[in-house]
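The values are calculated or read from the model by the stated rules, or taken from the named source; none is laboratory data. Computed from a predicted structure; not experimentally measured. When we count neighbours, we look across all protein chains shown, and the Cβ atoms used for this are built from the backbone with ideal geometry, even at glycine. To get the accessible areas, we keep the full protein, side chains included, count just its heavy atoms, and leave off ligands, DNA and RNA. Shrake-Rupley method; radii C 1.70, N 1.55, O 1.52, S 1.80 Å.
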Amino acid sequence: MTRLPVVTGNWKMNTTIPEALALVDAMLDELPFISPVEKVLCPPFISLEAVRNRVQGSGILVGAQNAYWEPKGAFTGEVSVAMLPGLVDYVILGHSERRQYFHETDADVNRKVKAALDAGLRVILCVGEDLQENELGHTEAFVEGQVRAGLAGVPGLDRVVVAYEPIWAIGTGRAATADGAGHVTAHIRSVARDLLGSSAADGLRVLYGASISPENFGAFIAHPDIDGGLVGGASLRADSFLRIVRQAVPA
């Protein structure tokens with residue numbers, strides 16, 4: 001099955017509204033015309049509406065970086081999945097930074113995934129192991145556990161993308177290889193096959209996301225089991241993000 005590549009720019013807690021719009025404007029002459037690749041921009045919550053309005057009609061999609069599972073209530077500072085339809089196409093859930101710094105559990109991530117899908121959103125589910133798990137040789141088992149927990153009770157994968165983030169390769173000076181990452185992404189798809197069948201798993205797009213740059217992305221996207229990238233810091237520079245997206249165009 002041919003899977004449409006997807007490249008997502010996760011801006012994290014960066015850019016004011018004017019800076020977000022300037023970054024979008026620096027890409028608008030080219031980004032909409034790089035195809036066939038799905039392009040997703042994920043600015044901070046404060047910029048979602050402005051960015052959405054700026055890319056309207058361009059084919060560029062917009063994503064939120066997080067969401068809460070309850071539709072409303074006394075949850076100060078949270079943004080619910082019910083607030084996002086019409087504003088975004090995607091929502092990133094279970095990012096390694098949310099798990100590490102905000103102590104999100106697999107059960108939390110699963111509740112968010114199901115609530116987001118119920119709200120009609122598309123989901124980018126993030127999974128990945130830290131250095132200790134990697135060095136102990138637990139990568140496959142650890143990632144499989146996150147996938148099974150995150151997708152528990154999910155009836156289908158047509159609106160789900162999984163992003164593999166080897167945490168040990170983010171900002172540490174240690175580098176993952178395309179073959180190593182591809183082995184894990186292939187395992188993720190095999191877990192999805194066991195959960196929801198071959199048809200769903202064959203169509204599931206699995207991304208790589210750890211210290212992606214224009215210099216290293218080509219090797220990752222060339223791997224047959226890697227369908228795109230979840231790009232962090234390199235997505236904050238228009239030229240580097242455009243170079244990465246260009247590399248995702250199928251040969």
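Quick rundown of the values:
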read-out: In region 217-237, residue most open to solvent (accessible area, probe 1.4 Å) [restricted to those that are out of contact with any strand residue (DSSP E or B) (no Cβ under 9 Å at 6 or more places or on another chain) and within 18 Å of G203 (Cα to Cα)]; value: P224
read-out: Out of T15, T8, sole residue that is part of a strand (DSSP E or B), open to solvent by less than 60 Å² (accessible area, probe 1.4 Å) and touching a helix residue (DSSP H, G or I) at 6+ places or on another chain (Cβ under 9 Å); value: T8
read-out: Test: K114 is basic (K, R), farther than 17 Å from L230 by Cα and in a loop (DSSP other than H, G, I, E, B); value: no
read-out: Test: V161 is part of a helix (DSSP H, G or I), under 20 Å from V91 (Cα atoms) and either open to solvent by less than 30 Å² (accessible area, probe 1.4 Å) or touching a strand residue (DSSP E or B) at 6+ places or on another chain (Cβ under 7 Å) (or both); value: no
read-out: Output for region 70-81, where each listed residue is crowded, with 16+ Cβ neighbours inside 10 Å and either small (G, A, S) or more than 18 Å from the chain's Cα centre (by Cα) (or both); value: V79, S80
read-out: Identity of the residue in region 117-144, among the β-branched types (V, I, T) and in a helix (DSSP H, G or I), that ends up least open to solvent (accessible area, probe 1.4 Å); value: V143
read-out: Tally of residues being in a helix (DSSP H, G or I) and loosely packed, with under 13 Cβ neighbours inside 10 Å across region 101-111; value: 2
read-out: Cβ pairs under 8 Å, 6+ apart, first in region 179-197 and more than 19 Å from L230 (Cβ to Cβ) and modelled with pLDDT of 95 or more, second surrounded by 15 or more Cβ atoms within 10 Å (Cβ to Cβ) and of a type in the set (D, E, K, R); value: L195/R148
read-out: The listed residue being open to solvent by less than 10 Å² (accessible area, probe 1.4 Å), of a type in the set (A, V, I, L, M, F, W, C) and assigned to a helix (DSSP H, G or I), out of V91, V147; value: V147
read-out: Number of positions in region 31-53 that are of a type in the set (G, A, S) and either in a strand (DSSP E or B) or open to solvent by 10 Å² or more (accessible area, probe 1.4 Å) (or both); value: 2
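Let's see how each residue does on (1) part of a helix (DSSP H, G or I); (2) open to solvent by less than 60 Å² (accessible area, probe 1.4 Å); (3) not charged (D, E, K, R):
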| residue | (1), (2), (3) |
| --- | --- |
| G173 | no, no, yes |
| A181 | yes, yes, yes |
| A186 | yes, yes, yes |
| V191 | yes, yes, yes |
| V249 | no, yes, yes |
